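The values are calculated or read from the model by the stated rules, or taken from the named source; none is laboratory data. Not measured: the values here are computed from a predicted model. Methodologically, a virtual Cβ is constructed for each residue, glycine included, from the backbone with ideal geometry; neighbour enumeration extends over all protein chains shown. Surface accessibility is based on the protein's heavy atoms, side chains included, excluding ligands, DNA and RNA. Shrake-Rupley method; radii C 1.70, N 1.55, O 1.52, S 1.80 Å.
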Amino acid sequence: MKTIAVLHASQLVTLAGPRRPRVNEEMSELAIIPNGGMLIHDDKIGRVGPSEEIERNSDGAKIIDVGGRIVLPGFVDAHTHLVFAGNRLDDFERRIRGENYEQIAKAGGGIWSTVEKTRSATATDLFEQAKKHAEWFLKCGTTTVEAKSGYGLTVNDELKVLGVMRRLKDDMPLEIVPTFLGAHAVPRGMSTDEYVDLVINEMLPRVAAEKLAEFCDVFCERGYFDIAQSRKTLSAAKKLGLKLRGHVDQLSNSAGANLMAELGATTADHLEKTDKNGFAAMRLAGVQPVLLPGSVYALGSTAYPGAREMIESGLSVVLATDFNPGSSPTSSMPMVLSLACAQMKMSPAEAITASTINAAYSLNRGDTIGSLEPEKLANFATFDCEDYRELAYWFGISLTHAVYVRGNRVV
Ligand SMILES: [Zn+2]
C-alpha cells in the first residue's frame, strides 16, 4: 500500500458534514481545518486532521508539504459539453458587433456549425480535441466533469461522441460522467416530432444497451423541444434506467423546472427565468438546481439566475461551467466562483459548496467525491493562496499549484 501524508495546508477545506446535499446555512459551513493535513492510502483518504496529528501518524509515508497553501476537494463540474469539434470564433465576433442569434445562425454560425464540424470529424480528431479540453479542466483544479453529447444528432454521430467520452474516461485522469443529450437541437430536414421519435426509438435504446450514459438531458426551450416533447423524451429515458437532467427556463419560463420536478429529475439546469412556483416544485421533489453563470456572462447578458432566492427557498444549489463552444467557452471553476459571488451574490463559502459536495451529489457521487473525508477518493487540488476566499476574489488568474486524482499528481 502506498501512503502519502499531505501536511501544512493553511486551510484544509474539507466540506465534511451530513451525507447529503447541503442546503440553507449548511452551504456556508466548509469544515476548514487550519494548518491541516491528510493521510492518503493508495487512492483513498485515510485520515484528515491537524497537521501535527497527521505527521505523528505518517511513518513510512511519502510527505507532501503544501507549504501553507490551501487544499480543497477537486472541483466537480456538473454541466459541460466536453466533446465537440472546432470553435465558434466567428460567432464571438458577430455577437460583439451586435448581431443576434438568428443573424448568427443565418451567417452559418450557431449550434448547427458545431454539429457539422463534429459530424465530419473522425473519432480520433474528436478525441484529441476533447483531450485538450480535459487538460484545461485539470489545470483549473477540476477532477470530475459531467459531459453531454448533443453535437452529433444522428444515431451514429451521437454514439461516436459518447464513444469518445468512454475512451477519454479510460485514458485521462479526469473522471467523466456521461450524459446523453440527443435532444439538444433538431437536425435540418426533420420536424421536431420526427426527431423526438428517432431519439426515443433508435438512439436511447442503443445508449442504454451499451451503457454509454448515466443521465439523459433535453434542451427544453421555445424553438427547440417543448414541454410535451421534453416529457416524452425524458420519460422514455427513465424507463430505460437513465437518470434525468434538463436545460430548462434559460431564455423563457416554460415551466421547465416544474417538468423536472414532475419527472423526479436529479437536476434542473440554467433556470435564469424560473419563478417561485418552479423553485417550490423543485424543492418538494428534491431536484438540484445547476446554475451556469459563465453562459450568462459570455453571452453579454446580465440576467443571472436567482441564486439567493434558491438558497433561501432551501434548494441545494450547484455551480457549473457549461463549458461549450457557443455560449460558455471556459473550463475555469474559479472564474465561475467569481461570477457567482460578484454577480449572483453567493458567498465564497456557498460557491465552494456548490462546486464540490453539492455538485458531487448531483452526479450521484456524493458518497465518493466532493469532500475530503475518510474513505473518499483522494481527489484534491492545492492553490497558491492562504484563504479559500481568494479563489473567488482574484479573478482571471490561475492559482492552481497541484492537482491529484486518486492519490496521483496529475498537474
Ligand atoms: Zn448546457
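Which ³J(HN,Hα) values in Hz, rounded to whole numbers, follow from the phi angles of the range 163-174 under the Karplus curve 6.51 cos²θ - 1.76 cosθ + 1.60, where θ = phi - 60° and Gly and Pro get x?
Using θ = phi - 60°, the values come out as x, 4, 4, 4, 5, 4, 4, 7, 9, 10, x, 5 Hz.
Once phi is turned into θ = phi - 60°, what whole-Hz ³J(HN,Hα) does the Karplus curve with 6.51, -1.76 and 1.60 give for every residue of the range 346-351, x standing for Gly and Pro?
Values per residue, Gly and Pro as x: 7, 6, x, 5, 4, 5 Hz.
For the range 272-411, rounded, prolate or oblate, judged on the Cα gyration tensor with a ≥ b ≥ c (square roots of eigenvalues), a/c < 1.5 rounded, else prolate if a/b > b/c?
Judged from the Cα gyration tensor, the range 272-411 comes out oblate (a/c at least 1.5, b/c at or above a/b).
Rounded to a whole number, what is D in µm²/s for the range 218-282 from Stokes-Einstein with the Kirkwood radius over alpha-carbon pairs (25 °C, 0.890 mPa s)?
Reported coefficient: 216 µm²/s.
Return the long-range amide H neighbours of ALA61 (sequence gap of 5 or more, or a different chain), with a cut-off of under 5 Å between placed amide H atoms.
none
Positive end of the charge dipole of the chain (Lys, Arg +1 and Asp, Glu -1 on Cβ, about the Cα centre): tell me which of SER371, VAL155, TYR393 has its Cα farthest that way.
VAL155
Cα convex hull of the range 53-123: mean projected area in nm², to one decimal? Intermediate values should be presented prior to the final figure.
Values: hull surface 40.2 nm².
Taking a quarter of the hull surface, the average projection is 10.0 nm².
For Cα pairs less than 8 Å apart in space and 6+ apart in sequence, what is the mean separation divided by the residue count of the range 315-370, i.e. the relative contact order in percent? Before the final figure, lay out the partial values.
Details: 50 pairs, mean separation 18.6, N = 56.
With pairs under 8 Å counted, the relative contact order is 33 percent.
Write out the trypsin sites (Lys or Arg not before Pro) in the range 311-394 meeting two conditions: DSSP loop, and at most 13 other Cβ atoms within 10 Å of their Cβ.
Numbers: sites: LYS345, ARG365, LYS376, ARG389; in loops: LYS345, ARG365, LYS376, ARG389.
For trypsin sites (Lys or Arg not before Pro) across the range 311-394 that sit outside H, G, I, E and B with at most 13 neighbouring Cβ atoms in 10 Å, the list reads LYS345.
Please give every one of the aspartates and glutamates within straight-line cross-link reach of LYS106, meaning a C-alpha to C-alpha distance under 12 Å, and leave out same-chain neighbours fewer than 8 residues apart.
In chain and number order, the partners are ASP91.
Using every Cα-Cα pair within the range 346-393, state what percent have a distance larger than 18 Å. Please list the in-between numbers first.
Details: 395 of 1128 pairs.
Looking at the range 346-393, the distances longer than 18 Å represent 35 percent of pairs.
May I ask what percent, to the nearest 5, of DSSP beta bridges between residues of the chain are antiparallel?
Working: 26 of 56 bridges.
The antiparallel fraction comes to roughly 45 percent.
Of GLY36, GLY109, GLY74, which is farthest along the charge dipole of the range 23-115 in the positive direction, counting Lys and Arg as +1 and Asp and Glu as -1 at C-beta?
Of the listed residues, the answer is GLY109.
Expressed in nm², what is the orientationally averaged projection area of the convex hull enclosing the Cα positions of the range 77-186? If you can, show how the numbers build up before the last one.
Numbers: hull surface 28.2 nm².
Reported value for the Cα convex hull: 7.0 nm².
Which one of VAL196, ALA228, ALA208 has its Cα pushed farthest toward the positive end of the charge dipole of the range 158-241, where Lys and Arg give +1 and Asp and Glu give -1 at the Cβ?
The one lying farthest along the dipole's positive direction is ALA208.
Once you order the gyration tensor axes a ≥ b ≥ c over the Cα atoms, which shape class does the range 182-269 get: rounded for a/c under 1.5, otherwise prolate or oblate by comparing a/b with b/c? Present the calculation step by step, with values, prior to reporting the outcome.
On the way: a/c = 2.03, a/b = 1.13, b/c = 1.79.
Since a/c reaches 1.5 but b/c is at least a/b, the shape of the range 182-269 is classed as oblate.
In debye to the nearest 20, how big a dipole does the range 316-411 give about its Cα centre with +1 on each Lys and Arg Cβ and -1 on each Asp and Glu Cβ? Each step should come with its number before you reach the end.
Values: 6 positive and 9 negative charges, 43 e Å.
With only Lys, Arg, Asp and Glu charged at Cβ, the dipole is about 200 debye.
Using the Cα centre of the range 199-313 as the reference point, and only Cβ charges (+1 on K/R, -1 on D/E), how large is the resulting charge dipole? Debye, rounded to the nearest 20.
Numbers: 13 positive and 13 negative charges, 60 e Å.
The dipole magnitude comes to about 280 debye.
Can you run phi through the Karplus equation (6.51, -1.76, 1.60; θ = phi - 60°) for the range 333-339 and list ³J(HN,Hα) in whole Hz, with x for Gly and Pro?
5, x, 5, 5, 4, 4, 5
Size of the dipole of the range 93-214 about the Cα centre, Lys and Arg at +1 and Asp and Glu at -1 on the beta carbon, nothing else charged, in debye to 20? List each step's numbers first, then the result.
On the way: 17 positive and 19 negative charges, 82 e Å.
Result for the range 93-214 is approximately 400 debye, rounded to the nearest 20.
Pull up all non-local amide H partners of THR142: gap of 5 or more, or a different chain, and H-to-H distance under 5 Å with H placed in the peptide plane.
Counting only residues 5 or more places away or on other chains, the set is PHE75.
Straight distance only, please: which lysines reach the Cα of LYS376 with their own Cα at less than 18 Å, same-chain residues fewer than 8 apart left out?
Within the straight-line cut-off, LYS376 pairs with LYS2, LYS44.
Only Cα pairs under 8 Å and at least 6 apart count here; give the relative contact order of the chain as a rounded whole percent. Can you show the working numbers first?
On the way: 970 pairs, mean separation 88.8, N = 411.
That works out to 22 percent.
Under the rule a/c < 1.5 gives rounded, and otherwise a/b versus b/c splits prolate from oblate, where does the range 313-387 land using the Cα gyration tensor? Don't jump to the answer; show the numbers that get you there.
Details: a/c = 1.41, a/b = 1.36, b/c = 1.04.
Rounded, since a/c falls under 1.5.
Roughly how many percent of the accessible protein surface of the range 172-314 is carbon and sulfur, given a 1.4 Å probe and a whole-percent answer?
Numbers: 2860 of 5470 Å².
Exposed carbon and sulfur together represent 52 percent of the surface.
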